[in-house]
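Participant: Handing you this structure, nothing more for now.
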Amino acid sequence: MQIFPLKKLELYLEQIETPKEILKVPLEQYIIPAKLAATILHIAAYTYGDIVGRTICDFGCGTGRLTIGSAIIGANYVIGIDIDFNLLRVARDYVNYFNLAKKIDLICGNIEYFCVHCDTVIQNPPFGTKRAHMDIIFLKQALKSAKVIYSLHKHSLKIQKFIRKKINEFGGIIDKIIPLVFEIPYQFPYHNKQKYYVKIDLYR
């Protein structure tokens, strides 16, 4: 398998910019950093073989970094789903910019009521700070949709214990937890720093 260079993928994903004025606090719309997105996709693609030649779903895709990145490195077909049409309009522009319209479909819908089947779900769900356990709703839907799931969640031993319990209830098995850092730039009025660094875990 030919490996798409990590740095090259990161540079591509950095081109996908999101206007801060369209981001909504209640939906916890923190755009995944290009470096983090590229790292996750590389792990999924080249450590576990879960992207290249596969059908991928990106739940809560936002402006499409994980969606577009999956297509760039060799997914056969990618579906990006988000509840916010304004973010999907931005994602659509970049899908066209990268000439990926034949490989990507974008759908506006509420993930709670969405049913789709694919090989792999890769998701950066809301952490559940504005609506309790929204991340668990995403997990439940992902486990209904695919045999392999990559999902980002805030790091703590308490959260890990809770997520393990829920995934077990939903019939899933965790085979890897990878610690990462989510860089959040200044984007909402209540922010008082230029950057925040949040410890997260990537669950497979």
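Participant: Write down the accessible area per residue of the stretch 1-157 in Å², having rolled a 1.4 Å probe over the full set of protein chains.
Facilitator: Counting only protein heavy atoms, the per-residue value for the stretch 1-157 is 46 Å².
Participant: A further question follows. Full-extension gain between Ile184 and Lys20, please, as 0.36 nm times their residue separation minus the C-alpha to C-alpha distance.
Facilitator: Full extension from Ile184 to Lys20 adds 57.8 nm.
Participant: Could you calculate the FRET efficiency of Ile3 with Glu112 from 1/(1 + (r/R0)^6), where r is the beta carbon distance between them and R0 is 45 Å, rounded to 0.05?
Facilitator: After rounding to 0.05, the efficiency reads 0.80.
Participant: Follow-up. Give me the extension gain from Tyr97 to Ile83: residue separation times 0.36 nm, minus the current Cα-Cα distance, reported in nm with one decimal.
Facilitator: In short, 2.8 nm is gained.
Participant: Per DSSP H run of at least 4 residues, take -39500 (n - 2.57); add these up for the chain, divide by its residues and hand me the 222 nm value, nearest 500 deg cm²/dmol.
Facilitator: -9500 deg cm²/dmol
Participant: Of (i) 21; (ii) 36; (iii) 13, which is the value of percent of Cα pairs over 30 Å apart derived from the coordinates here?
Facilitator: Answer label, from the structure shown: (iii).
Participant: So which trypsin sites (Lys or Arg not before Pro) in the stretch 59-118 end up in coil per DSSP with only 15 or fewer other C-beta atoms within 10 Å?
Facilitator: Those that pass, being in a loop and sparsely packed, are Lys102.
Participant: In straight Cα distance, which aspartates and glutamates are under 16 Å from Lys102, not counting same-chain residues fewer than 8 positions off?
Facilitator: Asp93
Participant: Now, a different point. What's the longest piece of the chain with no exposed chymotrypsin sites (Phe, Trp or Tyr not before Pro), counting a site as exposed if DSSP puts it in a loop and it has at most 15 other beta carbons within 10 Å?
Facilitator: The segment 49-169 is the longest one with no such site.
Participant: Here's a follow-up. When DSSP assigns beta bridges and you keep just the ones with both residues in the chain, what percent turn out antiparallel, to the nearest 5?
Facilitator: Percentage antiparallel, nearest 5: 45.
Participant: Further, regarding this structure: Sort Glu10, Glu183, Glu17 from largest to smallest accessible area, using a 1.4 Å probe on the heavy atoms of the protein chains.
Facilitator: Most to least solvent-accessible, the answer reads Glu17, Glu183, Glu10.
Participant: Sticking with this one: With all protein chains present and a 1.4 Å probe, how do Ile173, Ile167 order by accessible area, largest first?
Facilitator: Result, largest first: Ile173, Ile167.
Participant: Beyond a 20 Å Cα-Cα separation, which of these cross-linked pairs lie in this structure: Lys144/Lys166; Lys7/Lys147; Lys161/Lys199; Lys154/Lys176; Lys20/Lys103; Lys35/Lys147?
Facilitator: Correct reply: Lys7/Lys147; Lys20/Lys103; Lys35/Lys147.
Participant: With +1 on each Lys and Arg Cβ and -1 on each Asp and Glu Cβ, and nothing else charged, work out how big the dipole of the chain is about its Cα centre, in Debye to the nearest 20.
Facilitator: About 520 debye.
Participant: Distance in nm between label sites at Lys147 and Tyr46, each 7 Å beyond Cα in the beta-carbon direction?
Facilitator: Calculated label separation equals 2.5 nm.
Participant: Carbon-plus-sulfur fraction of the accessible area of the chain, 1.4 Å probe, in percent?
Facilitator: Its accessible area is 54 percent carbon and sulfur atoms.
Participant: Same structure, new question: Cut-off 10 angstrom, C-alpha nodes, Gaussian network model of the chain. Which of Gly62, Gly171, Gly109 fluctuates the most?
Facilitator: Gly171
Participant: Could you state how much accessible area His155 has, in square angstrom rounded to the nearest 10, with a 1.4 Å probe and all protein chains kept in place?
Facilitator: 80 Å²
The values are calculated or read from the model by the stated rules, or taken from the named source; none is laboratory data. Because the structure is a prediction, the values reported are computed rather than measured. In this analysis, Cβ positions are derived from the backbone assuming ideal geometry, glycine residues included, and neighbour counts consider all displayed protein chains. Ligands, DNA and RNA are stripped out before the accessible areas are found, and what is left, the full protein with its side chains, is counted by its heavy atoms. Shrake-Rupley method; radii C 1.70, N 1.55, O 1.52, S 1.80 Å.
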